[in-house]
Amino acid sequence: MAKKSRTNEQWREESLETLYRSGVAVFSEKGFRGASLDEIAKLAGMSKAGLLFYFDNKDKYLAHILRRIAAVYIDAAIARAREEKDVVDRVVRFLHQQVSYSVKNQREIILFVLLSIELRNAESESGAIIAQKYKDMRDFIEEVVHEGIKAGRFSADVRLRETSSTFMAVHDGILLEWVRRGEELDGSELVRVFRRALLASLFPAQSRTAAHKLLTFQPEIANVRGQPVRKARRASDQ
């Protein structure tokens, strides 16, 4: 029986998937300014004109990649965390949803964190996406902490803005250190240390139940222990 030929939509989906993988590889290694569309197109096995058929310019191309990463890494993690009724569970679930994604998508995490620095003052579509998604994460943390304070679960003297910014700083720092030393570090232990830091900053000293919950929570992540994040290979090694 003759094989069915692929439809135009299937060709499009396959091309976009290839461009996504190639873009992540090059942008995560060389940043926005250092990345060349010619190099990305070559890695994807197509011409630069073929790439520009889908995206008008480099900024729109990167914006497409960032939206796809953010949809799972940030948006889905927040949505899943908000399903939890307890404020402690929301914070912990958010953490572990992101870790689950990071285990399998190291380059995407490198890309998102590093470009948040490179594009922090850029007037571009991709820079605006990163700025908005980091704001979404900070707003989520502030929302949960505020609710926890009102409910008496968290210390009344916790400052929302400083707490959310500290959370994001530690959050990104852990991810980068995991990438830098992935062969040496245990991802699940890194997350446990992060939880201890949260405990120290959020909970009243007498809140033993919440403290125990944070320290003993077991994430729904398959085999995080023993699966270190490996350093991203150069795009030329693909």
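The values are calculated or read from the model by the stated rules, or taken from the named source; none is laboratory data. In this text the structure is predicted, and so the values were computed from the model without any measurement. Neighbour counts are summed over all protein chains in view; Cβ atoms, including those assigned to glycine, are modelled from backbone coordinates with ideal geometry. Calculation scope for accessible area: heavy atoms of the full protein, side chains included, ligands and nucleic acids excluded. Shrake-Rupley method; radii C 1.70, N 1.55, O 1.52, S 1.80 Å.
Restricting to the range 175-187, name every residue that is assigned to a helix (DSSP H, G or I) and either touching a residue at least 40 places away in the same chain (Cβ under 8 Å) or of a type in the set (A, V, I, L, M) (or both).
L175, L176, W178, V179, R180, G187
Okay, residues lined up against (1) outside any helix (DSSP H, G or I); (2) under 30 Å from K30 (Cα atoms); (3) touching a Phe, Trp or Tyr at 6+ places or on another chain (Cβ under 8 Å):
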{"position": "K135", "(1), (2), (3)": "no, yes, no"}
{"position": "F140", "(1), (2), (3)": "no, no, yes"}
{"position": "G148", "(1), (2), (3)": "no, no, yes"}
{"position": "F154", "(1), (2), (3)": "yes, no, yes"}
{"position": "E162", "(1), (2), (3)": "no, no, no"}
{"position": "G173", "(1), (2), (3)": "no, yes, no"}
{"position": "V193", "(1), (2), (3)": "no, no, no"}
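Return only the number of the condition from (1) at pLDDT 90 or above; (2) open to solvent by less than 60 Å² (accessible area, probe 1.4 Å); (3) within 18 Å of E84 (Cβ to Cβ); (4) not β-branched (V, I, T) that G127 does not satisfy.
The number of the failed condition is (3).
Could you figure out which of (1) touching a residue at least 24 places away in the same chain (Cβ under 8 Å); (2) buried (at least 19 other Cβ atoms within 10 Å of the Cβ); (3) part of a helix (DSSP H, G or I) isn't true of R93?
So the condition that R93 fails would be (1).
Within the range 155-179, restricting attention to residues that are farther than 23 Å from E108 by Cβ and aliphatic (A, V, I, L, M), which residue is nearest to the chain's Cα centre (by Cα)?
Checking each candidate, the answer is L160.
Let me spell it out: the conditions are (1) surrounded by 14 or more Cβ atoms within 10 Å (Cβ to Cβ); (2) in a helix (DSSP H, G or I); (3) in contact (Cβ under 8 Å) with a residue 12 or more places away in the chain, and G50 meets all of them except one. Which number is the exception?
Of the numbered conditions (1) surrounded by 14 or more Cβ atoms within 10 Å (Cβ to Cβ); (2) in a helix (DSSP H, G or I); (3) in contact (Cβ under 8 Å) with a residue 12 or more places away in the chain, the odd one out for G50 is (1).
Take the residues of the range 101-131 that are assigned to a helix (DSSP H, G or I) and hydroxyl-bearing (S, T, Y): which is nearest to Y20 (Cα to Cα)?
Among those residues, the one meeting the criterion is S126.
Just need a number here: residues in the range 1-16 that are at pLDDT 90 or above and either under 14 Å from A63 (Cα atoms) or surrounded by fewer than 12 Cβ atoms within 10 Å (Cβ to Cβ) (or both).
2
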